[in-house]
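The values are calculated or read from the model by the stated rules, or taken from the named source; none is laboratory data. For clarity, every value in this text was computed on a predicted model and none was experimentally measured. In this analysis, Cβ positions are derived from the backbone assuming ideal geometry, glycine residues included, and neighbour counts consider all displayed protein chains. Note: accessible area is taken over every heavy atom of the protein model, side chains too, but ligands, DNA and RNA are not part of it. Shrake-Rupley method; radii C 1.70, N 1.55, O 1.52, S 1.80 Å.
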Amino acid sequence: MALAALRRARIAGIASAVPKEIVSNSDYTVLSEEQREKIIKYTGIRFRRLGADRALLLGSLPGCCGEAAARDGLGAREHRRGGLHSQTADYPFPATAQILQHKLGLPKSCLAFDVNLGCSGYTYGLYVLGSLLEAGGIKRGLLLAGDVSKMHGDCDPASAVLFGHAASATAMEYSEASKPMHFEFGSDGGGHKVIYVPAGGSRSPVGVESFEKNALETGGTRGDTDVVLDAAEIMNFTMREVPHSIKRLVEYAGCAVADVDAYVFHQANQFINNQVARKIGIKPDKAPTSLYDFGNTSSATIPLTITATLRDRIAEAPQKLVMSGFGVGLSWASTYWDAENVVCPELVEV
């Protein structure tokens with residue numbers, strides 16, 4: 001385990017966007033109606049949003065930065081320095097962060113870079129950007145998180161009904177008065193094939209054979225450019241690492257599990273999240289979910305869940321929150337955060 005804390009960086013705002021196009025898992029005809037309903041009950045996912053370009057999603061955000069900047073008497077552009085967390089880059093190179101910097105009209109003085117993480121990307125990203133702020137020089141930054149992946153084969157029931165598209169922007173700023181943000185991290189590369197795409201990297205470049213679809217024992221087909229999910233091992237990994245990560249984090253932050261107002265988990269599926277909640281000793285209603293309406297949106301699930309379910313509570317009073325991202329890598333990171341004076345606009349649909 002790795003424990004760390006940020007003491008001079010705070011989250012000033014969170015904004016999230018999703019495409020307008022709604023896809024229902026009830027219409028997934030690769031499976032029978034009975035099979036579809038079983039999967040919906042297990043995953044908690046009935047609808048997903050698909051279709052919008054990542055730059056369009058991010059460009060549509062009302063700018064948690066803009067509102068936070070206005071509150072502080074600052075220009076919105078001053079917040080717009082930072083990084084992109086995604087595992088679905090536009091190209092092998094250059095970094096997608098530079099492309100977004102241009103498409104979003106951000107200044108050339110913007111420090112921009114990619115971090116190739118998925119499920120744990122948001123919580124890792126908070127620490128990376130917060131550390132840059134604490135190091136000095138940069139006073140404000142944006143963490144962009146989002147995936148618009150087309151790697152999830154429509155004919156593979158293991159992944160086709162899980163993933164949706166979303167993007168988020170989180171404004172962070174240097175603050176001497178901020179309350180500490182505590183972190184707990186972990187990695188297990190021995191499980192890298194539990195969630196992965198076989199072809200497309202330098203180890204296994206894409207060839208004609210990569211697009212050949214092979215029949216699956218569970219029904220449907222999958223090619224080497226599609227994501228591979230080992231559901232049983234994902235469950236084993238999550239239950240082995242995540243509850244312990246959260247308990248260590250809360251102890252490190254000097255807090256009790258019961259004192260936390262809400263636990264925002266990566267939205268993998270509802271069954272997994274219910275089991276994590278049970279193992280750390282909280283009721284499911286303390287772990288808000290956005291799965292039913294949006295599915296698994298990879299690195300955007302945590303900020304999207306905050307926007308969709310907690311924005312009113314954050315506006316009304318300070319909240320003690322734990323955020324925990326876990327999955328592809330295998331990788332996990334949990335964050336304890338006192339949410340106070342955070343701008344959180346309504347969800348944007350594009």
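For segment 87-108, what are the residues that are touching a residue at least 40 places away in the same chain (Cβ under 8 Å), open to solvent by 40 Å² or more (accessible area, probe 1.4 Å) and in a loop (DSSP other than H, G, I, E, B)? Those that are touching a residue at least 40 places away in the same chain (Cβ under 8 Å), open to solvent by 40 Å² or more (accessible area, probe 1.4 Å) and in a loop (DSSP other than H, G, I, E, B): Q87, L104.
Quick one: which of R240, R203 is under 22 Å from the mean Cα position of the chain (by Cα) and either surrounded by fewer than 17 Cβ atoms within 10 Å (Cβ to Cβ) or basic (K, R) (or both)? Walk me through it before giving the result.
Numbers: R203 fails: under 22 Å from the mean Cα position of the chain (by Cα).
Just a single option satisfies the conditions, and that option is R240.
Rundown of residues vs (1) at pLDDT 95 or above; (2) charged (D, E, K, R); (3) under 29 Å from I272 (Cα atoms); (4) touching a helix residue (DSSP H, G or I) at 6+ places or on another chain (Cβ under 9 Å), yes/no style:
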| site | (1), (2), (3), (4) |
| --- | --- |
| L117 | no, no, yes, yes |
| Y122 | yes, no, yes, yes |
| A171 | no, no, no, yes |
| E176 | no, yes, no, no |
| M181 | yes, no, yes, yes |
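Out of segment 172-188, which residues are within 17 Å of S245 (Cα to Cα), surrounded by fewer than 19 Cβ atoms within 10 Å (Cβ to Cβ) and not acidic (D, E)? Hit for segment 172-188 is S187, nothing else.
Can you find a residue that is closer than 23 Å to T301 by Cβ, crowded, with 17+ Cβ neighbours inside 10 Å, within 21 Å of the chain's Cα centre (by Cα) and not polar (S, T, N, Q) anywhere in segment 133-141?
Going through segment 133-141, the residues closer than 23 Å to T301 by Cβ turn out to be 141.
Narrowing further to those that are crowded, with 17+ Cβ neighbours inside 10 Å: 141.
Now drop any that are not within 21 Å of the chain's Cα centre (by Cα), which leaves 141.
With not polar (S, T, N, Q) added as a condition, the list becomes 141.
Within segment 133-141, one or more residues are closer than 23 Å to T301 by Cβ, crowded, with 17+ Cβ neighbours inside 10 Å, within 21 Å of the chain's Cα centre (by Cα) and not polar (S, T, N, Q).
Among the criteria (1) hydrophobic (A, V, I, L, M, F, W, C); (2) part of a helix (DSSP H, G or I); (3) over 19 Å from F47 (Cα atoms); (4) out of contact with any Phe, Trp or Tyr (no Cβ under 9 Å at 6 or more places or on another chain), the one V264 does not fulfil is (2). Each residue in segment 138-163 was checked for being at pLDDT 80 or above, within 27 Å of V30 (Cβ to Cβ) and in a loop (DSSP other than H, G, I, E, B), and 2 of them qualify.
Take segment 200-223 and flag every residue that is among the β-branched types (V, I, T) and either farther than 11 Å from D156 by Cβ or in contact with a Lys or Arg (Cβ under 9 Å, 6 or more places away or on another chain) (or both). Please lay out each step first, then the result.
In the first step, residues of segment 200-223 are kept if they are among the β-branched types (V, I, T); the result is 206, 208, 218, 221.
Within segment 200-223, V206, V208, T221 meet the criteria.
One residue stands out among those in segment 251-284 that are in contact (Cβ under 8 Å) with a residue 60 or more places away in the chain and loosely packed, with under 15 Cβ neighbours inside 10 Å: the one that is farthest from R48 (Cα to Cα), which is D259. If the requirement is being within 16 Å of the chain's Cα centre (by Cα), in a strand (DSSP E or B) and among the β-branched types (V, I, T), which of these qualifies: T170, T123? Criteria check complete, one pass: T170.
Hey, any hits in segment 122-132 for a residue that's surrounded by fewer than 23 Cβ atoms within 10 Å (Cβ to Cβ) and either basic (K, R) or touching a Pro at 6+ places or on another chain (Cβ under 8 Å) (or both)? Taking every residue of segment 122-132 in turn, none turns out to be surrounded by fewer than 23 Cβ atoms within 10 Å (Cβ to Cβ) and either basic (K, R) or touching a Pro at 6+ places or on another chain (Cβ under 8 Å) (or both). Taking the numbered list (1) at pLDDT below 95; (2) within 28 Å of W337 (Cβ to Cβ); (3) open to solvent by 10 Å² or more (accessible area, probe 1.4 Å) in turn, A215 passes all entries but (2).
Residue-by-condition table, conditions (1) under 30 Å from Y42 (Cα atoms); (2) in contact with an Asp or Glu (Cβ under 9 Å, 6 or more places away or on another chain):
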| residue | (1), (2) |
| --- | --- |
| P92 | no, no |
| A97 | no, yes |
| L111 | no, no |
| V115 | no, no |
| Y124 | yes, no |
| Y127 | no, no |
| L132 | no, no |
| G136 | no, no |
| A160 | yes, yes |
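The single condition among (1) modelled with pLDDT of 85 or more; (2) open to solvent by less than 60 Å² (accessible area, probe 1.4 Å); (3) in a helix (DSSP H, G or I) that L57 does not satisfy is (1). Answer yes or no as to whether T301 is surrounded by fewer than 18 Cβ atoms within 10 Å (Cβ to Cβ), among the polar types (S, T, N, Q) and either out of contact with any Asp or Glu (no Cβ under 6 Å at 6 or more places or on another chain) or modelled with pLDDT of 95 or more (or both). When the stated conditions are applied, T301 does not pass them.
Within segment 319-331, is even one residue out of contact with any His (no Cβ under 9 Å at 6 or more places or on another chain) and open to solvent by 10 Å² or more (accessible area, probe 1.4 Å)? The answer is yes; a qualifying residue exists. Listed conditions (1) open to solvent by 30 Å² or more (accessible area, probe 1.4 Å); (2) over 30 Å from M172 (Cβ atoms); (3) not acidic (D, E) are all met by T43, apart from (1).
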